[in-house]
Amino acid sequence: MILVTGGAGYIGSHTCIELARVGHEFVVFDNFSNSTPAVLARMEQIIGRPVIWHAGDVRDPAALDKVFAGHPVSAVLHFAGLKAVTESISQPIDYFDHNVHGSIALMGAMARAGCKTLVFSSSATVYGPEQPMPVAEDAPCAVSNPYGRTKLVVEDLLNELGRSDPQWRIATLRYFNPTGAHPSALIGESPLGTPSNLMPLVCQVAAGIRPSLQIFGDDYPSPDGTGVRDFVHVMDLAEGHVAALDFLTKNQARIVVNLGTGHGTSVLEVIQTFERVSGQRVPYEIVPRRDADIGISFADVRLARELLGWVAKRDVDEMCRDAWRWQAANGS
Ligand SMILES: NC(=O)c1ccc[n+]([C@@H]2O[C@H](COP(=O)([O-])OP(=O)(O)OC[C@H]3O[C@@H](n4cnc5c(N)ncnc54)[C@H](O)[C@@H]3O)[C@@H](O)[C@H]2O)c1
């Protein structure tokens with residue numbers, strides 16, 4: 001049985017679908033601060049059977065102990081946490097509380113239960129702004145915001161934990177830019193309030209919810225001047241988690257692995273692709289760069305291929321198509 005913290009959230013819910021597809025049993029643990037139980041009903045529709053779940057907070061050791069006591073958990077996928085870079089600058093205490101304190105409470109509960117296999121959601125945000133691209137896992141880390149700091153602190157802690165007790169099997173996955181939705185359009189990304197990443201904003205502009213999209217800067221050293229990111233389909237990420245879990249089952253190891261496509265796509269290219277595959281217009285305006293933004297970021301994905309046998313299969317067309325299908329079916 002796999003425990004999925006934050007399993008009702010965007011990446012967690014898609015990963016649960018993939019877990020079910022390959023025959024893993026799982027239990028979701030989520031406080032629904034950025035999701036709703038309705039997601040679980042949608043997941044049940046996709047997988048055709050009930051989803052086992054518990055409402056609870058990862059910062060609550062007693063709630064975690066109860067889950068471990070009630071289920072034979074062999075491994076944990078830890079998605080629960082807060083994820084908006086800008087919000088983390090104004091609310092650093094909340095970010096450290098959910099992301100660091102929550103992870104510490106989870107590791108404690110795992111240790112008490114004798115469950116020592118963990119896949120942790122980290123982020124490409126841990127790489128500094130000045131890295132040559134593609135960026136590999138051994139590049140120096142240099143975070144520039146509280147969110148990235150929380151990820152790096154947990155990564156450090158996981159290293160120390162592994163050093164203190166080699167029984168721990170840990171995969172730290174550094175995601176690049178997750179996007180898209182399940183092709184059923186039953187689950188997808190539904191940010192509360194103003195989205196903080198590109199695709200939900202593109203979808204909302206296409207749906208007429210917002211008048212236009214702001215592109216922050218067109219003077220980066222990319223072919224069209226707009227920022228470049230490594231967008232990776234959320235179902236590819238889901239498959240990456242299952243591959244990491246398989247790896248940890250076979251190897252007593254601790255690994256840090258990038259999950260991306262290895263290709264950069266500019267913001268303008270995403271908009272053009274989206275318009276082509278959706279048939280919708282996405283009006284935009286160019287505004288000045290934001291201070292903390294990195295111009296160009298994409299992953300060196302060789303380690304994921306070598307260790308996990310995982311490569312991202314879906315292209316930007318598919319990401320845009322699935323994101324729009326989800327928006328059109330569920331957006332208001
Ligand atoms: N989406 C991205 O762009 C991205 C990129 C890199 C890393 N990540 C990381 O991946 C993980 C999942 O991201 P996501 O996009 O699915 O986010 P999400 O907000 O959609 O999902 C997180 C889930 O965790 C739950 N949660 C939050 N705090 C909790 C707590 N204290 N206790 C229990 N549940 C809690 C939320 O209700 C939500 O369902 C996060 O750790 C995030 O930092 C995300």
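The values are calculated or read from the model by the stated rules, or taken from the named source; none is laboratory data. As the structure is a prediction and not an experimental result, all values here were calculated from the model. With ideal geometry, Cβ positions are generated from the backbone for all residues, glycine too; neighbour counts draw on all protein chains shown. What goes into the accessible areas is simple: the full protein's heavy atoms, side chains included, and nothing from ligands, DNA or RNA. Shrake-Rupley method; radii C 1.70, N 1.55, O 1.52, S 1.80 Å.
The set of residues from the range 236-287 being closer than 30 Å to ASN159 by Cβ and assigned to a strand (DSSP E or B) comprises ARG254, ILE255, VAL256, VAL257, ASN258, LEU259.
Here PRO223 meets each of (1) at pLDDT below 95; (2) surrounded by 14 or more Cβ atoms within 10 Å (Cβ to Cβ) with one exception, condition (2). Scan the range 49-59 residue by residue and report those that are more than 8 Å from the ligand (Cβ to nearest atom) and either under 18 Å from HIS78 (Cα atoms) or open to solvent by less than 50 Å² (accessible area, probe 1.4 Å) (or both). VAL51, ILE52, TRP53, HIS54, ALA55, listed by residue number.
On the given criteria, is VAL256 open to solvent by 10 Å² or more (accessible area, probe 1.4 Å) and touching a Lys or Arg at 6+ places or on another chain (Cβ under 8 Å)? Against the criterion (open to solvent by 10 Å² or more (accessible area, probe 1.4 Å) and touching a Lys or Arg at 6+ places or on another chain (Cβ under 8 Å)), VAL256 qualifies.
Screening the range 68-119 for residues that are of a type in the set (Ser, Thr, Tyr) and open to solvent by less than 50 Å² (accessible area, probe 1.4 Å) and picking the one that is farthest from the chain's Cα centre (by Cα) gives THR117. When the range 280-302 is filtered for residues that are open to solvent by 50 Å² or more (accessible area, probe 1.4 Å) and under 30 Å from LEU248 (Cα atoms), only ARG302 remains. Take the conditions assigned to a helix (DSSP H, G or I) and closer than 16 Å to SER190 by Cβ and apply them to LEU19. Does it pass? Judged against the criteria, LEU19 is not a match. Which one is surrounded by the most Cβ atoms within 10 Å (Cβ to Cβ), of the residues in the range 126-137 that are away from the ligand (no atom under 13 Å from the Cβ) and of a type in the set (A, V, I, L, M)? Selected residue: VAL135. Candidates in the range 66-97 are the residues that are more than 13 Å from the ligand (Cβ to nearest atom) and in contact with a helix residue (DSSP H, G or I) (Cβ under 7 Å, 6 or more places away or on another chain); of these, the one that is farthest from LYS116 (Cα to Cα) is ILE89. Restricting attention to the range 1-17, the residues that are more than 12 Å from VAL234 (Cα to Cα) and more than 10 Å from the ligand (Cβ to nearest atom) add up to 3. Of the candidates SER190, SER144, SER123, the single residue that is touching a residue at least 12 places away in the same chain (Cβ under 8 Å), farther than 30 Å from ALA69 by Cα, near the ligand (Cβ under 10 Å from one of its atoms) and open to solvent by 50 Å² or more (accessible area, probe 1.4 Å) is SER190.
Evaluating GLU160 against the criteria (1) closer than 25 Å to GLY262 by Cβ; (2) at pLDDT 95 or above; (3) acidic (Asp, Glu); (4) more than 16 Å from the ligand (Cβ to nearest atom) leaves one unmet condition, (1).
Looking at GLY23, GLY48, just one residue is free of Cβ contacts under 8 Å to residues at least 12 places away in the same chain and under 21 Å from THR249 (Cα atoms), and that residue is GLY23. May I ask you to verify whether VAL100 is within 12 Å of the ligand (Cβ to nearest atom), touching a helix residue (DSSP H, G or I) at 6+ places or on another chain (Cβ under 6 Å) and outside any helix (DSSP H, G or I)? The answer is no for VAL100. Residues that are assigned to a helix (DSSP H, G or I), touching a His at 6+ places or on another chain (Cβ under 6 Å) and hydrophobic (A, V, I, L, M, F, W, C): does the range 312-322 have at least one? Yes, because at least one residue in the range 312-322 is assigned to a helix (DSSP H, G or I), touching a His at 6+ places or on another chain (Cβ under 6 Å) and hydrophobic (A, V, I, L, M, F, W, C). Given the structure, is PRO178 in contact with a His (Cβ under 9 Å, 6 or more places away or on another chain), open to solvent by 10 Å² or more (accessible area, probe 1.4 Å), modelled with pLDDT of 95 or more and within 15 Å of the ligand (Cβ to nearest atom)? Yes: the conditions hold for PRO178. What about ILE46, is it among the aliphatic types (A, V, I, L, M), part of a helix (DSSP H, G or I), surrounded by fewer than 21 Cβ atoms within 10 Å (Cβ to Cβ) and under 20 Å from the mean Cα position of the chain (by Cα)? For ILE46, the condition - among the aliphatic types (A, V, I, L, M), part of a helix (DSSP H, G or I), surrounded by fewer than 21 Cβ atoms within 10 Å (Cβ to Cβ) and under 20 Å from the mean Cα position of the chain (by Cα) - is not met.
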